[in-house]
Amino acid sequence: MHGLTGSVPLAPPGIALRAARLALLVLRRIVDAALILLVAIMVAAVLVQVAGRYLFNFSIAGATEIATFAQIWMVLLGAGYAMRERLHVSIETLVEMLPPRLARAIMVPVAGLCLWFLWVVFEGGLLLIEVGAIQTSAALQVSMQVPYIALPVSAAYLGLEAALAFGAAIFGQGAVTTGGGVRVD
């Protein structure tokens, strides 16, 4: 019948959901590998800088920039990882005292504000990339777009992880409170 209307038959919901889960798994593995690689690059660059300074009495400015750029990317992507693992610090005292339905209802405006903020960061990052196109770093002479691209990329990834975490809490598929992260008990 789809031939008469010109429409394409849709995939069954199970297939689409499995494809989305697989895509999310692949994305998370890429982020995990990138974080490990960024830590390794940062450590190696710092060791090169320390060795250059104290063993050879010579400063290697490029190593400092490489470590800085790796740290920028690592911290910003790491925020998404922390959201996935529910490691962000949160104040849960009031929410823990509320009935589950009310606690989930409070999550709606909280999620909206968080996602709005990440949208602002995303848009600001895109504007910063334009500025970075006409700037180069001091030591490596690479385009400043390299560190600036981290803002929209990480905001998009953090937004995805936040939407998944908030969505699970709001729809009763996950805990409203983290029960983990940094706690002082």
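Below is a table of values for the structure above.
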item: Filter pass, S90 being in contact with a Gly (Cβ under 9 Å, 6 or more places away or on another chain), closer than 22 Å to A138 by Cα and assigned to a loop (DSSP other than H, G, I, E, B); result: no
item: Out of T93, T64, sole residue that is farther than 21 Å from Y157 by Cα, open to solvent by 40 Å² or more (accessible area, probe 1.4 Å) and without any contact (Cβ under 8 Å) to a residue 40 or more places away in the chain; result: T93
item: Condition check for F117: surrounded by 14 or more Cβ atoms within 10 Å (Cβ to Cβ), in a helix (DSSP H, G or I) and free of Cβ contacts under 8 Å to residues at least 12 places away in the same chain; result: yes
item: Qualifying residue in segment 94-112 (condition: modelled with pLDDT under 95 and within 25 Å of L35 (Cα to Cα)); result: no
item: Checklist (1) in a helix (DSSP H, G or I); (2) exposed (fewer than 15 other Cβ atoms within 10 Å of the Cβ) applied to R104, failing item; result: (2)
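Okay, residues lined up against (1) open to solvent by 60 Å² or more (accessible area, probe 1.4 Å); (2) acidic (D, E); (3) within 22 Å of A67 (Cα to Cα):
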residue	(1), (2), (3)
L126	yes, no, no
A139	no, no, yes
S154	no, no, yes
A162	no, no, no
T177	no, no, no
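The values are calculated or read from the model by the stated rules, or taken from the named source; none is laboratory data. Note that the structure is predicted; figures quoted are calculated from it, not measured. Neighbour counts run over all protein chains shown; Cβ positions are idealised from the backbone, glycine included. Note: accessible area is taken over every heavy atom of the protein model, side chains too, but ligands, DNA and RNA are not part of it. Shrake-Rupley method; radii C 1.70, N 1.55, O 1.52, S 1.80 Å.
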